[in-house]
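*Asks:* Pasting a structure below so you can have a look.
The values are calculated or read from the model by the stated rules, or taken from the named source; none is laboratory data. Only a predicted model underlies this, so the values are computations on that prediction, with no experimental measurement involved. Don't worry about glycine lacking a Cβ; one is built from the backbone with ideal geometry, like all the others, and counts go over all protein chains shown.
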Amino acid sequence: MTALPLPADLFALSTGRIHRAAADLWPGERLTLGDHVPSVTGYVHRARIGARDVFAKDSILGLSLVSVLRGLAGGGDTVRAAQAAYAASPASLLAREAAQLRALHTAGVHVGRCVGYARGVLFTESVTGPTLADLIAKDPARTCALMTAAVTGLAGLQRPPVAALVDAAPIPERSIDGTFRRKFNGVSGRLYVERLGVDRLDERTRRGVAAVVGVVVARLLKLRLTPATGPTVIVYGDLKPEHVLFPDGPTEAPVFIDPGLARGPAHHDAAKLVSRTVLALVAAPPPDAPVSTVADGIAAFVAAQTRVLRSPLRGLWLRRLLVTWLMDTVNILSTYLTAPAGLPLPEHAQAVIDRAGALCTLLDAVSAQLAAGTDPDAAWRLALNAAMRAAAR
Ligand SMILES: Nc1ncnc2c1ncn2[C@@H]1O[C@H](COP(=O)(O)OP(=O)(O)OP(=O)(O)O)[C@@H](O)[C@H]1O
Ligand SMILES: [Mg+2]
């Protein structure tokens, strides 16, 4: 194989594409690139076009940057050639994201609007204001209200125009279950686990983490099959707290960025929100409140989500939420741990890596309960307690 792609080379190609895309879309106007926003997924830049603040995003082959840099799509030359074709495809990831942003806006869902798409590059209007993650950190007592506002703000997803678009141009790439299977199935999955953290952890910690993740992955691969997931709805896809912004303050409707709409199980978005809220709690506990304030808020949010469900269904939903939460946590932890040392990581990613041991204890405890068939309500209470212990310093 030719040499692995290097971050600086990929970034230079993306920057060139962003400039050419802007020149196609706005021939008379000047594009000024601002800060690079570190991401393990895409290449994102703040930018100005004329007098407008925007975000420019490029995706390499629709894969995560970490996967591309690890050589999943081949060496540097292969990636460069494949990307030239991918960027021109009407089915590229960001062409679908552009179409989804337009459909969401039409359906009355508040999103950071698409202002242009060309050559595989997506330009969105800049949404200003704190994220759901910022607001929970600042005022943990609002956790339940904020998480509920995120779900309520997406009610429009189930409207017919959105469903029609999703069936024509879904983004299945953000499925937690799909990502988990892609990463961990078979021999390549086992090799991937064995090498977790080689660039990012000391050898002793690394071996401990790889051993626990191996056990947890084996349990989850069994659990995700039984029972099969229920009816599918339209899910937002990547509903993490960083993708929900509150430009008009914490009591007004949120605005969403980075959709990955697809058909999926009804617990998917809530599981993502829970997973990433717990992850933020473990990585950066609120400075002025006990961690239980956030955990109580998460518990109240989930209780409200399940209130309409009758007893056996409610238990199933909770169990699926727990399995999906754990799969998402393993997905993101392993992505951070396999990111090459040259890739700048997003905010809190280093803190997540530093807490890998505590996260492994949490993953092990909760997956053991699920594997033992513990009653879902009891498993859920134990899981929140384990999350609080992982977050305690
Ligand atoms: N339109 C926007 N308005 C405000 N912030 C934005 C916008 N687009 C992107 N950002 C910022 O850039 C970050 C990365 O952008 P985005 O989520 O679209 O890319 P990504 O590659 O999918 O990243 P990630 O894997 O972190 O989700 C966002 O979390 C947000 O902080
Ligand atoms: Mg994103």
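*Asks:* K272 is checked against (1) more than 19 Å from the chain's Cα centre (by Cα); (2) closer than 23 Å to A390 by Cα; (3) in a helix (DSSP H, G or I) and fails just one. What number does that condition carry?
*Replies:* (1)
*Asks:* While we're looking at this one, here's another question. Which condition from (1) under 28 Å from A356 (Cβ atoms); (2) more than 16 Å from ligand 1 (Cβ to nearest atom); (3) in contact (Cβ under 8 Å) with a residue 24 or more places away in the chain; (4) among the charged types (D, E, K, R) is the one that D288 breaks?
*Replies:* Checking D288 against (1) under 28 Å from A356 (Cβ atoms); (2) more than 16 Å from ligand 1 (Cβ to nearest atom); (3) in contact (Cβ under 8 Å) with a residue 24 or more places away in the chain; (4) among the charged types (D, E, K, R), the one that fails is (3).
*Asks:* On the phi < 0 side of the Ramachandran plot, at pLDDT 95 or above and within 13 Å of ligand 1 (Cβ to nearest atom): which single residue out of G16, G42 fits that description?
*Replies:* After ruling out the rest, the residue left standing is G42.
*Asks:* Kindly check whether there is at least one residue in region 167-175 that is within 16 Å of ligand 1 (Cβ to nearest atom), buried (at least 19 other Cβ atoms within 10 Å of the Cβ), outside the structural domain of A95 (by TED's automatic domain parsing) and over 23 Å from T229 (Cβ atoms).
*Replies:* The answer is no, given that none of the residues of region 167-175 is within 16 Å of ligand 1 (Cβ to nearest atom), buried (at least 19 other Cβ atoms within 10 Å of the Cβ), outside the structural domain of A95 (by TED's automatic domain parsing) and over 23 Å from T229 (Cβ atoms).
*Asks:* Just the residues that are touching a residue at least 60 places away in the same chain (Cβ under 8 Å), away from ligand 2 (no atom under 16 Å from the Cβ) and of a type in the set (A, V, I, L, M, F, W, C), please, taken from region 24-67.
*Replies:* Result: L25, W26, A47, I49.
*Asks:* Another one. Counting only residues that are within 30 Å of V212 (Cβ to Cβ) and either part of a helix (DSSP H, G or I) or in contact with a Ser or Thr (Cβ under 6 Å, 6 or more places away or on another chain) (or both), how many does region 151-192 have?
*Replies:* Of the residues in that region, 19 qualify.
*Asks:* Continuing with this model, one more query. Which condition number does R20 fail, the rest of (1) part of a helix (DSSP H, G or I); (2) under 28 Å from the mean Cα position of the chain (by Cα) being met?
*Replies:* Among (1) part of a helix (DSSP H, G or I); (2) under 28 Å from the mean Cα position of the chain (by Cα), R20 violates only (2).
*Asks:* Does at least one position in region 142-165 carry a residue that is touching a Lys or Arg at 6+ places or on another chain (Cβ under 7 Å) and away from ligand 2 (no atom under 16 Å from the Cβ)?
*Replies:* No, because not a single residue in region 142-165 is touching a Lys or Arg at 6+ places or on another chain (Cβ under 7 Å) and away from ligand 2 (no atom under 16 Å from the Cβ).
*Asks:* Looking only at region 231-249, which residues are more than 16 Å from ligand 2 (Cβ to nearest atom) and either buried (at least 19 other Cβ atoms within 10 Å of the Cβ) or assigned to a loop (DSSP other than H, G, I, E, B) (or both)?
*Replies:* Matches in region 231-249: P231, I234, F246, P247, D248, G249.
*Asks:* Can you run down the residue pairs with Cβ atoms below 8 Å, 6 or more apart or on separate chains, where the first is in region 350-362 and part of a loop (DSSP other than H, G, I, E, B) and the partner is of a type outside the set (S, T, N, Q)?
*Replies:* What qualifies is R355/V282; R355/A283; R355/A390.
*Asks:* Kindly provide the set of residues from region 106-116 that are away from ligand 2 (no atom under 15 Å from the Cβ) and in contact (Cβ under 8 Å) with a residue 40 or more places away in the chain, ordered by number.
*Replies:* T106, A107, G108, V109, H110, V115, G116
*Asks:* Tell me, which residue of region 45-64 that is out of contact with any helix residue (DSSP H, G or I) (no Cβ under 7 Å at 6 or more places or on another chain) and within 10 Å of ligand 1 (Cβ to nearest atom) is nearest to A95 (Cα to Cα)?
*Replies:* Ranking the qualifying residues of region 45-64, first place goes to F55.
*Asks:* Hey, another quick one. Working carefully through the options A228, A211, A218, A253, find the one that is at pLDDT 95 or above, surrounded by fewer than 22 Cβ atoms within 10 Å (Cβ to Cβ) and part of a loop (DSSP other than H, G, I, E, B).
*Replies:* A253
*Asks:* Are any residues in region 120-141 more than 16 Å from ligand 2 (Cβ to nearest atom) and crowded, with 20+ Cβ neighbours inside 10 Å, and if so, which ones?
*Replies:* G120, L135, I136, A137, P140
*Asks:* Residues A266, A270, A262: which one is touching a Pro at 6+ places or on another chain (Cβ under 9 Å), farther than 23 Å from R70 by Cβ, surrounded by 21 or more Cβ atoms within 10 Å (Cβ to Cβ) and assigned by TED's automatic domain parsing to the domain that holds H348?
*Replies:* A262
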